[in-house]
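What follows is calculated from the coordinates using simple rules that are stated; it is not laboratory data. None of the values given here were measured: they were computed from a predicted structure. Using ideal geometry, Cβ is built from the backbone for each residue, glycine included, and neighbour counts are taken over all protein chains shown.
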Amino acid sequence: MDNSFLKGLVLMKKTTTLMATSIFMGSLLFTACSDSDVNEEPTEEGTTSQESTNENAQTNDQEEETIGENAGEDQMDLKVGDTAIMHSNISSFEFTLNSVEMVDEVDGEMSDLDAFVAASITIKNIGDEPIDAKENAGLFEYTANLDGSGFGDQAEYTEEYQGDAIEGELAPGEEVTGTALYTSYIEDENYIRVKAGTAGTGLINNAVFTFSEDELIK
């Protein structure tokens with residue numbers, strides 16, 4: 001066989017091998033680039049996965065900061081005439097104790113305990129949403145012992161005070177003044193406070209008004 005013909009066959013095999021190798025390497029490079037593009041593909045409106053995660057974390061931090069600002073401070077040494085600034089998980093309002101008075105009889109009946117206490121109270125909406133005045137006034141109770149149980153407002157259940165009971169929806173900035181009627185024991189020091197069970201939840205700041213027996217007698 002002619003030597004030149006043999007040399008041509010060898011050269012052709014080498015050329016074919018080089019072409020196959022080049023095609024294979026090109027395929028590998030194309031696959032690697034495609035994978036890289038998938039990893040960096042925007043998740044939403046041009047935002048990558050890492051950027052989205054960072055934005056979500058920042059939003060959560062801002063929400064926690066806002067909740068902390070609205071939590072409110074405890075006010076434990078208030079007197080008659082003072083105003084408690086209240087922030088709960090659903091409302092923000094002012095609770096002003098205008099006056100307190102001991103009452104012997106209501107609707108012609110004596111108290112089952114020492115006496116009745118009629119308290120003039122003003123509720124003002126200082127939040128951004130409407131609130132229920134009765135519901136927010138009802139967060140408070142009367143007690144003669146801070147370590148004991150308390151007594152809620154009974155005004156709406158009496159003929160004498162029903163018309164002056166605290167009620168109604170308050171738009172932001174609006175206020176209402178009415179009478180809360182409590183029945184309890186009377187001691188040297190007496191209190192109107194956020195209900196013990198409610199204050200313990202941490203969903204509202206605490207407030208306590210303190211007044212003497214002498215302040216109750218008119």
Open item on the list: Along the charge dipole of the stretch 104-159, pointing to its positive end and built from +1/-1 on Cβ of Lys, Arg, Asp and Glu, which listed residue (GLY127, ALA155, ASN145) has its Cα farthest out?
Closed with: GLY127
- [ ] Consider a paramagnetic label point 7 Å from the Cα of ASP147 along Cα→Cβ; state which residues of the stretch 182-218 have an amide N under 12 Å from it.
- [x] none
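Loop only per DSSP, at most 15 neighbouring Cβ atoms within 10 Å: give me the trypsin sites (Lys or Arg not before Pro) in the stretch 75-136, ordered by residue number. Could the numbers behind the result be given before it?
Numbers: sites: LYS79, LYS124, LYS134; in loops: LYS79.
Those that pass, being in a loop and sparsely packed, are LYS79.
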- [ ] Over the stretch 75-216, calculate the relative contact order: mean separation of alpha carbon pairs under 8 Å at least 6 apart, over the residue count, as a percent.
- [x] 30 percent
- [ ] Obtain the radius of gyration and the Kirkwood radius of the stretch 75-216 from its C-alpha atoms and give Rg over Rh.
- [x] 0.95
- [ ] Return the distance in nm (one decimal) between the two label points of a simple spin-label model at GLU169 and SER99, each offset 7 Å from Cα along Cα→Cβ.
- [x] 3.2 nm
